[in-house]
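Engineer: For reference, the structure I am asking about is given below.
The values are calculated or read from the model by the stated rules, or taken from the named source; none is laboratory data. Just so you know, these numbers come straight off a predicted model, no measurement behind them. Cβ placement follows ideal geometry from the backbone for every residue including glycine, while neighbour counts extend to all protein chains displayed. Heavy atoms of the whole protein, side chains included, go into the accessibility calculation; ligands, DNA and RNA do not. Shrake-Rupley method; radii C 1.70, N 1.55, O 1.52, S 1.80 Å.
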Amino acid sequence: MNSDVMLLLFLVLALVIMLSLIILIKMNVAISLIIACLFMGIASGLGLNETLETIADGFGGLMASLGIPIGLGVILGKLISDSGGAHSIAVAILKRASEKMALYSLALASFILAIPVFFDVAFLILVPLAIQIGKKMNKPLPYTVGAIIIGAALSHTLVPPTPNPLAAATILNFDLGLMILGGVLIGSISTLITTKIYFMILDRGFWKKETDEDPTIENPYGNMEVPDNAPSAWISLIPIILPSIFILIGSVGNVIFVNPPAIVPFISDRIIALLVGALVAYVIASKSLNKDQRDLSSSQAMQAAGVVLLITGAGGAFGAIIQNTGIDQAILSIFVSDAQSSLTVLFIAFFMGIMFRTVTGSGTVAGITTMTIMAGVVTNVDIHPLWVAMASLSGGLMLGHVNDSGFWITTKIAGFSVQGGIKTYTTTEAIAGIVAFSFAILGSFIF
């Protein structure tokens, strides 16, 4: 057995160890990743000390780039949500929609809200509005709930500053501005296409009220309390838009100038951009929250970010181990040796993402792990890393089911049975993943 095959075998065993610890023993994801790193490094011949040094360097390297931005992004989103600004944005979008486009506007509202806030928060904010829209249009619940899931899932998966797309630019070494543009463009178009496809499926009798809804759940729709004097929609959008503008200034500056003025890379740095966004969100939130409430909101945001940061850092350690052992080269020599190498890379990334998401239930683990494995591969094939990121993230979006907390949040709050959850959460995310992946393939041929 040659060395490339052996390295690939060690990678498979490391992944089996990681997944077994997460699924069977219910061990923390970050700890499981570190154990997998230890096995991978030692089995591949790095040695004890070099394995530990590589893990530390990989963890620290990714945290140096992403630790502060992720924390600031979560604070920004929490302040917008707690101040009532997110609710204002949702209501404003839906008010401006015609009845014919109301459900698509609901999906787009969900897409916009999930840029700064977590998936479950966007869902909770929109569900009461979705119920009203459904009743007004005489549409069954899966239409409105499905629209929310589609928009929030695609946004959370593809658009910074949520952790996975924010990490993509660092892990795969490309311009974050491209990730923002690509994520917004592909994500929003995919939201509309996926929503249309899902509605066509529902129109054909896919939903069975008798088996897909749970009549035993009382008042399932949640109750997100909106503060008095919530900031308006337009004001609330400023902290979301401003960081993206700052980052894009850097992208444009690199194109216009051979040597950009020092101010351009400074203000376009993700730390500065998200710091400005968080500070603006803090000021805007003062309209409805006092100082103690804003400080509490920020503290709760950092607690929520802790788990994400630990998983992201552990993913960086895993990526460093992969780089040092040469597994990326082994993947190249075994799988990517024909004229269609770029397409092969995309499919490998996509199906790897699906595997991790299906088994672990975590889109964060799926995206980070897949991209770290693919990072070394990208530099050796003629394909822009943006499309590999899109393929990895699209795969990580697919097939969320009963081992995924998002599945239970949407299923129980909407009052669905497990079967109903699979017909909404799992099905919509599967369609969304395929649609977004199709754009990644198309984009790889054009750019």
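Engineer: Which residue, Ile55, Ile148, Ile131, tops the fluctuation ranking in a GNM of the chain built on C-alpha contacts under 10 Å?
Structural biologist: Evaluated over the chain, the most mobile residue of the options is Ile131.
Engineer: A further question on this structure: Enter the accessible area of Leu38 (Å², nearest 10), with the probe set to 1.4 Å and all protein chains included.
Structural biologist: Rounded to the nearest 10, the figure is 60 Å².
Engineer: Counting only C-alpha contacts under 8 Å and six or more residues apart, can you give the relative contact order of the stretch 1-47 as a whole percent? Could you put the intermediate results ahead of the total?
Structural biologist: Numbers: 23 pairs, mean separation 19.0, N = 47.
Value for the stretch 1-47: 40 percent.
Engineer: Using 0.36 nm per residue of separation minus the Cα-Cα distance, give me the extension gain between Ile241 and Met6 in nm, one decimal.
Structural biologist: Working it through step by step, the gained length comes to 79.8 nm.
Engineer: If you don't mind, another one. Against the longest principal axis of the chain, how steep is helix 85-95, in degrees 0 to 90 to the nearest 10, with axes from Cα atoms?
Structural biologist: Computed tilt is about 60 degrees.
Engineer: Where does helix 176-203 land angle-wise versus the long Cα axis of the chain, in degrees 0 to 90, nearest 10?
Structural biologist: The two axes meet at around 60 degrees.
Engineer: What is the ratio of the Cα radius of gyration of the chain to 2.2 N^0.38 Å, where N is its residue count, to two decimals? Don't skip to the answer; put the middle values down first.
Structural biologist: Working: Rg = 21.7 Å, N = 447, 2.2 N^0.38 = 22.4 Å.
Output field value: 0.97.
Engineer: How many percent of the alpha carbon pairs in the stretch 22-110 exceed a separation of 17 Å? Can you show the working numbers first?
Structural biologist: On the way: 2753 of 3916 pairs.
Here the tail beyond 17 Å accounts for 70 percent of pairs.
Engineer: If you don't mind, there's one more thing I want to ask. Once all Cα-Cα distances of the stretch 144-206 are split into 10 Å bins that start at 0, what whole-number percent is in each one?
Structural biologist: Binned Cα distances yield the sequence 23, 42, 23, 11, 2.
Engineer: Putting +1 on Lys and Arg Cβ atoms and -1 on Asp and Glu Cβ atoms, find which of Thr51, Ser3, Ser288 reaches farthest to the positive end of the dipole of the chain.
Structural biologist: Towards the positive end, the residue furthest out is Ser288.
Engineer: Something else now. Starting from the residue with the highest accessible area, list Val388, Val16, Val381 in decreasing order, probe 1.4 Å.
Structural biologist: Values: Val388 0, Val16 75, Val381 20 Å².
Of Val388, Val16, Val381, the descending order of accessible area is Val16, Val381, Val388.
Engineer: Further question: With an 8 Å Cα cut-off and a minimum separation of 6 or more residues, compute the relative contact order for the chain in percent.
Structural biologist: On the way: 767 pairs, mean separation 106.1, N = 447.
Here the relative contact order equals 24 percent.
Engineer: Does the stretch 10-49 classify as rounded, prolate or oblate by the C-alpha gyration tensor (a ≥ b ≥ c root eigenvalues; a/c under 1.5 gives rounded; else a/b over b/c gives prolate, otherwise oblate)? Show your work: numbers first, answer last.
Structural biologist: Values: a/c = 3.69, a/b = 1.85, b/c = 2.00.
Verdict is oblate for the stretch 10-49.
Engineer: Do the alpha carbons of any pairs in Lys95/Lys412; Lys291/Lys412; Lys78/Lys287; Lys95/Lys139; Lys139/Lys196; Lys139/Lys423 sit beyond 25 Å of each other, and which pairs?
Structural biologist: On the way: Lys95/Lys412 27 Å; Lys291/Lys412 34 Å; Lys78/Lys287 15 Å; Lys95/Lys139 18 Å; Lys139/Lys196 14 Å; Lys139/Lys423 16 Å.
Result: Lys95/Lys412; Lys291/Lys412 exceed 25 Å.
Engineer: To the nearest 10 Å², what's Lys423's accessible area with a 1.4 Å probe?
Structural biologist: 30
Engineer: Report relative contact order for the stretch 242-305 in percent, whole number only (criteria: Cα-Cα under 8 Å, sequence separation at least 6).
Structural biologist: On the way: 34 pairs, mean separation 20.3, N = 64.
The value is 32 percent.
Engineer: So with the 1.4 Å probe, I'd like the accessible area per residue for the chain, rounded to whole Å². Don't skip to the answer; put the middle values down first.
Structural biologist: On the way: 18500 Å² over 447 residues.
For the chain, the per-residue accessible area is 41 Å².
Engineer: 5 Å is the cut-off here: which amide hydrogens, built 1.01 Å from N in the peptide plane, fall below it relative to Glu213, excluding neighbours closer than 5 in sequence?
Structural biologist: Result for Glu213 returns Ser417.
Engineer: Right, something else. Students sometimes get this wrong: rank Met6, Met371 by accessible area, probe 1.4 Å, all chains present, largest first.
Structural biologist: The ordering from most to least exposed comes out as Met6, Met371.
Engineer: Hey, got the Cα dimensions of the stretch 235-280 along the principal axes, in Å, largest first?
Structural biologist: Taking max minus min along each principal axis of the Cα atoms, the stretch 235-280 gives 36, 14, 11 Å.
Engineer: How far is the Cα center of the stretch 1-31 from the Cα center of the stretch 175-214, in Å?
Structural biologist: First find each Cα centre; the distance between them is then 32 Å.
Engineer: Can you pull the accessible area of Asp82 for me, 1.4 Å probe, Å² to the nearest 10?
Structural biologist: About 50 Å², rounded to the nearest 10.
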